[in-house]
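S.K.: Here it is, the structure in full.
The values are calculated or read from the model by the stated rules, or taken from the named source; none is laboratory data. Keep in mind that what you see is a predicted model, and the values were worked out from it rather than measured. When we count neighbours, we look across all protein chains shown, and the Cβ atoms used for this are built from the backbone with ideal geometry, even at glycine. The area values use the complete protein model at the heavy-atom level, side chains included, leaving out ligands, DNA and RNA. Shrake-Rupley method; radii C 1.70, N 1.55, O 1.52, S 1.80 Å.
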Amino acid sequence: MSRRPVAQINLAALQHNLQRVRELAPNSQVLAVLKANAYGHGLVRVAQALTEADAFAVARIDEALALRTAGIVKPIVLLEGFYEAAELPVLLANNLQTVVHNELQLNALEQTSLDGQLKVWLKIDTGMHRLGIEPAQFSAFYRRLWQCSAVLPGIRLMTHFCCADELDSIRTDAQLSLFEQLSSGKAEQRSLANSAAILAWPTSHAEWVRPGLILHGISPFSAQVGQQHQLQPVMRLSSRLIALRQVQQGERVGYGGQWQADKETTLGVIAVGYGDGYPRHASNGTPVWLNGREVGLAGRVSMDMITVDLGPEAQDKLGDEAVLWGPELAIERIAAAAGTIPYELLCNITPRVDYQYL
């Protein structure tokens, strides 16, 4: 019996979620966001499964080159763009598209002597205040890109919402209005909608949508789970029960003794911990799915193990499978119990976990 946690990746669920994006945004092309190892699901395997996506987006050039090395030929967009002019020939040689979000990048494009042209996405900061040119810079940037010999005609325009996951926020409407004002009269393809906007802001869908989290079956909204949006969880993280212990009423468990038994009970030790990516700050009572029921975390998460309260009448056996999150137990609930977001849980999975693709 292996004690190594397993992350099963359901590629059929992934494909279902892409189809769900198509249903939500039927008039948009899909730029599938695969940054951060496809949100912890495996960059290359996820890309190979998403054959119906129109293009892929990654954050950095090494992610794009990994896809090209694996034989992925679909268009790939660098969401952070290039960092220095020396990367431009690499982008051209590998048919990579780039976001432009600052003047240094624009200057590099104007000064390069490439033997070809690059597809460019111009990013406008409409309120996120992270990447993107200021609205006042838009006209000059747009004109200079059109005049730049290294840039293919047909500049795509994009922005990023800061509060699309807050359904009562007025900031998304303000960002959308500003973007529409700037892009009005420009015969360019546009991209605004991230996962949250795909679900909740249909007027933002435009010509391209950029799903990330929802491709993996997870809701971007607090207090909601992916199944509420007809999404299917792609990752199922599980491990095994490796020890059983009887504890008496009043006994304390784990580092710091933070959990105390309120009655005589059976504890189960499961071979997973923060060394595998399970959240260290998961609170007492965080659910684990075991033998058709939820059992609660008892005590602090250790590097290699967690302990759960099985109850005084437990019939569980060594080797039984425990599901940390997956179809049986929504990852959104685990994130809430740990005071974090599903993105972080997915990205924190470590190489100690065995990936299996279904």
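S.K.: Given a 1.4 Å probe, how much area per residue of the range 182-293 is accessible, in Å²?
M.R.: Per residue, the range 182-293 has an accessible area of 41 Å².
S.K.: Can you compute 3J(HN,Hα) from phi for each residue in the range 264-269, using the Karplus curve 6.51 cos²θ - 1.76 cosθ + 1.60 with θ = phi - 60°, rounded to whole Hz and x for Gly and Pro?
M.R.: 5, 7, 10, 9, x, 9
S.K.: What's the percent breakdown of Cα-Cα distances in the range 1-94 across 10 Å bins, shortest bin first?
M.R.: 15, 43, 29, 11, 2, 0
S.K.: Treating the angle as unsigned and between 0 and 90°, give the value, to the nearest 10°, between the Cα long axis of helix 171-183 and the longest Cα principal axis of the chain.
M.R.: 20
S.K.: Would you kindly give the portion of the calculated P(r) for the chain that falls above 24 Å, as a percent of all Cα pairs?
M.R.: So the portion of pairs separated by more than 24 Å is 61 percent.
S.K.: I would also like to ask the following. Compute log10 of I(q)/I(0) for the range 194-255 with the Debye formula, placing one identical point scatterer on every Cα and leaving out solvent, at q = 0.16, 0.26 Å⁻¹, to two decimals.
M.R.: -0.65, -1.11
S.K.: Follow-up question, since we're still on this one. Modelled label-to-label distance, Glu344 and Asp168, 7 Å Cα→beta-carbon offset: nm?
M.R.: Computed distance between label sites Glu344 and Asp168 equals 2.4 nm.
S.K.: Okay, next question. Using a cut-off of 23 Å between alpha-carbon atoms, which lysines can reach Lys74, once sequence neighbours fewer than 8 places away in the same chain are excluded?
M.R.: Counting by Cα, and skipping residues close in sequence, Lys74 has these lysines nearby: Lys35, Lys119, Lys123.
S.K.: Still on this structure, I have one more. List every residue whose amide H lies under 5 Å from the amide H of Ile133, counting only residues 5 or more places away in sequence or on a different chain, with H placed 1.01 Å from N in the peptide plane.
M.R.: Lys123, Ile124, Asp125
S.K.: Only loop residues by DSSP count here, and only those with at most 16 other Cβ atoms within 10 Å; note down the trypsin sites (Lys or Arg not before Pro) in the range 1-103 that meet that.
M.R.: Values: sites: Arg3, Arg20, Arg22, Lys35, Arg45, Arg60, Arg68; in loops: Arg3, Arg60.
Those that pass, being in a loop and sparsely packed, are Arg3, Arg60.
S.K.: OK, next. Once the Cα atoms of helix 138-147 and of the chain are each reduced to a long axis, what angle between those two axes, in degrees from 0 to 90 to the nearest 10, is obtained?
M.R.: 60
S.K.: Using a basic spin-label model with each label point 7 Å from the Cα along Cα→Cβ, how many nm lie between Glu80 and Lys317?
M.R.: The two pseudo-label positions are separated by 5.0 nm.
S.K.: Skipping prolines and chain starts, which residues have an amide H placed within reach, meaning under 5 Å, of the one on Ala59, given they are 5 or more residues away or on another chain?
M.R.: Distant-sequence amide H within range of Ala59: Lys35, Ala36, Leu79.
S.K.: Report in % the part of the accessible area of the range 93-150 that belongs to carbon and sulfur, leaving out ligands and nucleic acids; probe 1.4 Å.
M.R.: On the way: 1270 of 2810 Å².
Carbon and sulfur together cover 45 percent of it.
S.K.: Within 10 Å, count the other beta carbons around each residue, average over each peptide in 256-262, 174-180, and list them highest first.
M.R.: Averaged packing, sorted descending, gives the order 174-180, 256-262.
S.K.: Zone of Ala12 (label point 7 Å along Cα→Cβ, backbone N under 15 Å): which residues in the range 307-327?
M.R.: Flagged as within label range: 327.
S.K.: Please list, in chain and number order, the residues 5+ apart from Tyr278 or on another chain whose amide H is under 5 Å from its amide H, with Hs placed from the backbone.
M.R.: Gly273
S.K.: Moving to a separate point now. State the extension gain, in nm to one decimal, for the chain segment bounded by Gln356 and Gln224, taking 0.36 nm per residue of separation less the distance between their alpha-carbons.
M.R.: Fully extending the segment from Gln356 to Gln224 adds 44.8 nm.
S.K.: Follow-up. Stretched out fully, how many nm does the piece from Asp115 to Ala136 gain, at 0.36 nm a residue minus the Cα gap? Intermediate values should be presented prior to the final figure.
M.R.: On the way: separation 21, 0.36 × 21 = 7.56 nm, distance 3.18 nm.
So the chain would gain 4.4 nm between Asp115 and Ala136.
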